[in-house]
Structure formats: C-alpha cells, structure tokens
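Heads up: the structure comes next, in structure tokens.
The values are calculated or read from the model by the stated rules, or taken from the named source; none is laboratory data. Keep in mind the model is a prediction, meaning the values are calculated, not measured. Here the Cβ positions follow ideal geometry from the backbone for every residue, glycine too, while neighbour counts run over all protein chains shown. These area figures cover heavy atoms from the full protein model, side chains too; ligands, DNA and RNA do not enter into them. Shrake-Rupley method; radii C 1.70, N 1.55, O 1.52, S 1.80 Å.
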Amino acid sequence: MKQIFSNTLLLLALILVLPSCSDWMDLSPKDKPTDKMVWEKAEYVDLYVNGFYTYFHHYGQFGSQQFSGSLTESLTDTYKYGSVALDNKAGHPNNYVTNPDAITSAGCLYGNWNDAYNRIRRLNEFLATMEKYSNFTPEENARWEAQIRFFRAFIYDQLARRYGGAIIYTSLDQMKKDKAKSTEKEVWDLVESDLDFAFNNLPEEWTSNKDKGRLTKAMVAAYKSRAMLFAERWQSAYDAADYVISSGKYALVDNYANAWKGGNKEAIIEYKYDLNGPTHIFDRDHVPMCDGFEFGSLGTPTQEMVEEYEMADGSKLDWAPYHTDAATRPPYEKLEPRFHATIIFPGSVWKGKTMENSVGGKNGSFMEYKSKPYSFGMTTTGYFLRKLLDENHLDLNGIMSTQSWVELRYAEVLLNKAEAAIQLQKAVEARSLINQVRARVQLPPTNASGKQLMDVYRHERKVELAYEGHLFWDMRRWKLAHIAYDNYRCHGFKITGDRYEYVDVDFADRKFPERLYLLPIPASEFKNNSLIEQNPNWN
C-alpha cells in the first residue's frame with residue numbers, strides 16, 4: 001500500500017515560525033534568516049516537499065483543478081449534471097457540451113494555464129533555494145530534487161494535454177515576462193527527462209516509516225507509463241509499465257469493488273485523507289437525497305454508459321427494445337460485476353435501501369432535466385453514481401469524507417502496457433494484458449486482432465477506469481472526441497411504476513469541434529508576454 005499524506009499540523013507549525021510563505025520563499029538578494037531556515041533541518045525540507053504531494057488531490061477526482069470541481073466525464077457520453085442554473089457541478093458542464101463557444105481565451109473551466117504556472121513557479125523556487133542554501137549531502141539533495149521534478153513533470157503533463165506546446169521554465173527565469181512557447185515535443189521531452197531523473201534518484205522503497213507514501217521508482221514508472229501514452233512514445237510507455245509489472249510489488253485485488261479504495265495491493269499512488277485534515281466532499285456531491293443530505297447527486301451516470309457494460313457471460317445485451325416508451329425493467333442483474341460496483345441502478349441496494357430511482361421514489365427520486373434550476377438529491381437519468389463513494393459514510397451533514405484518492409492503480413498500468421503493445425505490434429501480449437483485467441471480473445478472454453483489438457482495448461479501458469478521470473483525456477489524445485462527441489445526446493430512464501421511458505436528458509445536441517483539441521492560451525498571458533503565440537483556430 002502507498003498512502004500519500006501531508007502532515008498539515010507540523011507544516012502549519014513551521015509556517016507560524018516564519019513571517020510568511022512568501023518571506024521564506026523570497027529569492028531576492030537580501031539575505032534574511034528566514035530564507036535559510038527551511039534548509040536548517042531535513043525535517044523542514046521534508047515538510048516543504050510534502051506540500052507538493054497535495055497536487056494529487058487538486059488534480060484528482062476529489063479536487064477542483066481538472067474542471068473547476070466538475071467531473072470531466074460530463075464532457076463525454078457517460079455522465080450528466082442535472083442542473084440548468086450555471087454553476088460548477090451544475091449547469092456549466094451542460095453549457096460547455098452544447099455550446100462550445102462558451103470556451104474562449106477569456107476563460108475555460110478545464111483550462112489550467114494560470115494554475116499550472118503558479119505551481120511550476122513554486123517547484124522551481126524549491127530547486128533554486130536548494131541550490132542556494134542546502135548544505136545537505138548530494139544524495140539527500142538528489143532525493144528531494146527527484147520528488148520536485150516528478151511534480152514538475154506532472155504539471156507539464158496537464159498543460160500538454162490541454163494546450164500542446166507550452167512555455168518551459170526550469171529555473172526562475174519565469175520572472176522574465178517575455179518567453180516564447182515551446183513545441184509539444186519539447187514539452188514531452190521535459191516531462192520524460194524529469195520523470196527519468198526522478199526514477200534514477202528515488203529508492204525502490206523508503207526505509208523510514210515517516211517516509212511511507214513518498215514517491216518510489218515503481219510509482220514514477222507507473223506514472224510515466226501514462227504520460228508517455230499522451231506523448232505517443234510507445235516504447236517508453238511499454239518499458240515503464242513493464243518495470244512496474246516485473247517489480248512484483250502490485251497486483252489486482254480480487255474484488256473490483258475494492259480496486260479504487262486504496263490501502264491494498266492495487267493502489268500505486270494514493271493520496272490519503274483524514275478527519276483531522278485534509279478531507280473532501282465527494283460524497284456530499286453525489287449521494288442521493290435518501291442519504292439524508294439534500295444537496296447531493298449533482299451528476300449521475302447516463303444510459304449510454306450503462307449500455308457500455310457487457311453481460312456477465314461476455315455477450316452484449318440488445319438495448320433496442322428498451323428504447324421504446326412502453327419498455328419494462330432491463331435485466332440489470334445480468335450485467336457484469338463492474339456495472340454493479342459502479343452504478344446505483346433501480347432495484348440495487350445502497351446503504352441498506354432498495355433503490356427506486358423513479359418519479360416520486362422514496363429511495364431515489366427522478367427529476368426531468370430542466371424542470372427545476374437545480375437537481376439537488378435527484379437523478380435526471382434514472383441512475384446514481386456508486387463508484388468512489390463511501391457506503392459506510394452515514395452522517396453526510398456532520399462529517400466530511402475521508403476515502404482515499406487513488407491517483408494510479410495497477411489495472412491502469414496493465415492497460416497502459418497493453419495500448420503500447422498494440423502500437424508496437426505486440427498483439428499477443430496486448431491481449432494477454434487485457435485478459436488479465438477481464439479475468440478479475442470473470443469475463444471471457446478476447447481473441448480480437450487488428451483494428452478490432454484496439455476497439456476492445458478502448459472499451460475495456462472505458463469500463464475498467466470509469467469515473468476515475470481518464471475518458472475525456474483519452475478521447476482527446478486518440479482524436480476521437482470530434483467524432484464520438486459531436487451531434488449526439490445523452491439519455492436515461494424516467495421510471496413510473498413498472499414503466500421505463502427512454503428519455504433525452506440534454507434537450508440539445510452535444511458538440512465537440514476539432515479546435516477544442518488544443519485550448520486557447522488565456523488572454524491574460526498576452527498582456528505580459530510579447531513572444532507568446534495563440535494556438536491555431538483561436539485568433
């Protein structure tokens with residue numbers, strides 16, 4: 001088990017000793033004692049480094065940086081926010097998918113340009129203060145630098161997947177206002193170089209219990225297997241995933257329902273929460289009203305996602321008969337285990353309640369989209385999200401959520417290697433890796449080959465990693481979003497008694513123009529940088 005944590009109480013104590021964060025990070029020539037204080041003791045430096053581990057939270061599903069708190073799945077066919085009123089976790093995602101003109105250089109809610117460069121500045125400040133003040137051994141410095149450069153790669157990965165090319169800063173030349181954008185290849189070169197430095201200078205395991213959860217070689221390699229898929233560096237992705245698999249440190253847990261919960265052999269990078277801080281509100285955002293929290297279930301899974309699941313025997317259910325007004329209840333119980341572990345469906349049991357998800361339902365109530373400004377506690381699709389929620393969390397009004405965020409788990413590494421293997425013409429190995437993931441949920445192996453193998457792989461990735469924050473970015477890097485996510489609508493079931501009515505839950509076509517593959521550079525950057533150039537199709 002790997003659990004990322006930050007000792008907030010000790011960090012707070014350190015900050016209180018210093019006049020301000022900006023004071024002890026000040027790199028100006030005046031030689032104030034506070035500039036050096038963080039480098040007086042190794043434990044102070046460790047606390048400094050701990051603060052960067054919170055990036056996993058901020059960019060994870062329980063944080064706010066991926067899409068201003070909304071799930072990026074709402075930009076795909078798998079998830080629907082139920083509210084019309086414009087707000088984060090409400091009407092903004094619906095507006096984005098039906099009105100792509102809402103995205104401009106003045107703002108994009110899933111852009112991260114300014115946030116990323118604030119974080120990059122902090123990372124480079126750490127390296128500058130280390131060079132200036134550290135009297136620790138080269139080996140100690142290298143381990144701190146390795147962690148910092150990992151997080152710099154993490155942030156540049158987030159930039160590259162949104163903007164392609166970006167401005168590269170590896171020192172405090174960020175204080176210079178005019179600097180040109182580097183190419184996308186150069187950004188990925190930096191990401192790979194930083195990850196390789198981290199890999200080469202981090203231990204296989206940390207020996208002290210106080211360092212439990214810090215980055216290790218295998219954790220860095222696992223992340224590299226993901227990043228290099230975006231860079232289309234197939235051999236690098238393959239080799240990185242192979243290192244993790246060959247290490248023998250991780251494995252699939254037996255029960256898929258526990259795969260993302262952390263504290264087990266499947267969790268590779270895990271950010272741990274605690275009631276003493278930090279905590280999160282993911283449960284409050286997603287539980288149905290019958291849980292006793294009136295503002296939940298802001299978004300719910302779509303019928304399109306439900307239909308992605310296979311039957312338990314590996315066959316596909318014919319959903320066409322259920323798309324009529326007189327449909328009866330579908331055979332949900334016959335769908336594969338990952339469906340049952342991911343979605344609260346009509347007739348499923350949630351916290352001891354048999355869910356109805358119907359018009360006027362006591363346990364799960366349906367609300368037609370646009371009938372009210374906000375969908376608080378109700379579903380517009382006939383489903384609720386189960387995955388990532390804590391079913392043992394009963395007091396949503398009084399207690400915050402503490403389930404871990406697993407940033408990266410072993411199943412993803414198997415799939416990352418499978419994709420790289422397909423691209424490297426290693427079809428037999430790719431099938432074997434995909435079938436390992438399928439075997440966990442007792443699905444029959446695939447014998448697909450050629451183009452069909454890639455289609456099978458994409459399906460498997462969509463289902464296995466559902467609602468973990470991958471699909472939107474995957475569809476962008478595959479250049480399939482403008483095909484699959486253009487001129488379509490999402491659906492759900494309006495359930496009244498025994499009648500299942502297949503309903504439109506969008507009331508407008510969703511759109512994804514090709515220009516969205518690269519987001520516009522924010523207008524604010526042009527005010528301070530005469531060398532920056534706008535991305536294509538945004539001038």
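General observations
- Averaging 1/r over each pair of different alpha-carbon atoms in region 148-306 and inverting the result gives 18.7 Å, the Kirkwood hydrodynamic radius.
- Taking N as its residue count, the alpha carbon Rg of region 154-223 over 2.2 N^0.38 Å: 1.35
- From largest to smallest, the equivalent ellipsoid semi-axes obtained for region 41-126 from the alpha-carbon gyration tensor read 32, 15, 8 Å.
- The chain: angle of helix 138-163 to the longest principal axis, Cα-based, in degrees nearest 10: 40
- Using alpha carbons only: equivalent-ellipsoid semi-axes of region 439-530, gyration tensor based, whole Å: 33, 25, 13
- Distance distribution P(r), region 393-477, all Cα-Cα pairs, bin width 5 angstrom from 0: 3, 13, 23, 21, 15, 8, 6, 5, 4, 2, 1 percent.
- Difference of contour (0.36 nm per residue) and Cα-Cα distance, R489 to S64: 150.4 nm
- Pair-distance distribution of region 253-307: all C-alpha pairs, bin width 5 Å, starting at 0; shares per bin in whole percent are 4, 15, 13, 15, 25, 19, 7, 1, 0.
- Near the amide H of Y79, within less than 5 Å, lie the amide hydrogens of T302, all on another chain or at least 5 residues away, with H placed in the peptide plane.
- Under 22 Å from the Cα of K272 - lysines, other chains or at least 8 residues apart: K2, K210, K212, K217, K224, K249, K261, K387
- Close amide H contacts of L385 (hydrogens built in the peptide plane, cut-off under 5 Å, sequence separation of 5 or more or a different chain): I344.
- Note, ³J(HN,Hα) from phi for region 193-209, Karplus 6.51, -1.76, 1.60, rounded to Hz, x at Gly and Pro: 5, 5, 5, 5, 4, 4, 4, 6, 10, 9, x, 5, 8, 8, 7, 8, 5
- Along region 107-123 the Karplus relation, 6.51 cos²θ - 1.76 cosθ + 1.60 evaluated at θ = phi - 60°, assigns HN-Hα couplings of x, 8, 5, 10, x, 9, 3, 5, 4, 4, 6, 5, 6, 4, 4, 5, 5 Hz to successive residues, with x for each Gly and Pro.
- Taking amide H positions as modeled 1.01 Å from N, with prolines and chain starts lacking one, the residues under 5 Å from I167 and 5 or more places away or on another chain are S182.
- Note that region 253-264 has calculated 3J(HN,Hα) couplings of 6, 5, 9, 4, 4, 9, 4, 9, 7, x, x, 9 Hz, one per residue in order, obtained from phi through the Karplus relation 6.51 cos²θ - 1.76 cosθ + 1.60 (θ = phi - 60°); glycine and proline are x.
- Excluding same-chain neighbours fewer than eight residues apart, the aspartates and glutamates reachable from K181 by a Cα-Cα span under 16 Å are D157, D173, D189, E525, E533.
- Cα long-axis angle, helix 42-53 against the chain (0 to 90 degrees, to the nearest 10): 30
- Rg and Dmax [Cα atoms of the chain; Å; Rg one decimal, Dmax integer]: 23.7, 78
- Region 208-336: relative contact order as a whole-number percent, Cα under 8 Å and 6+ apart: 12
- Heavy-atom accessible surface of the chain: percent carbon and sulfur, 1.4 Å: 51
- Theoretical FRET efficiency, 1/(1+(r/R0)^6), r = Cβ-Cβ of S432 and Y133, R0 56 Å, to 0.05: 0.65
- Hull shadow area, averaged, region 81-131 [alpha-carbon convex hull, nm²]: 4.6
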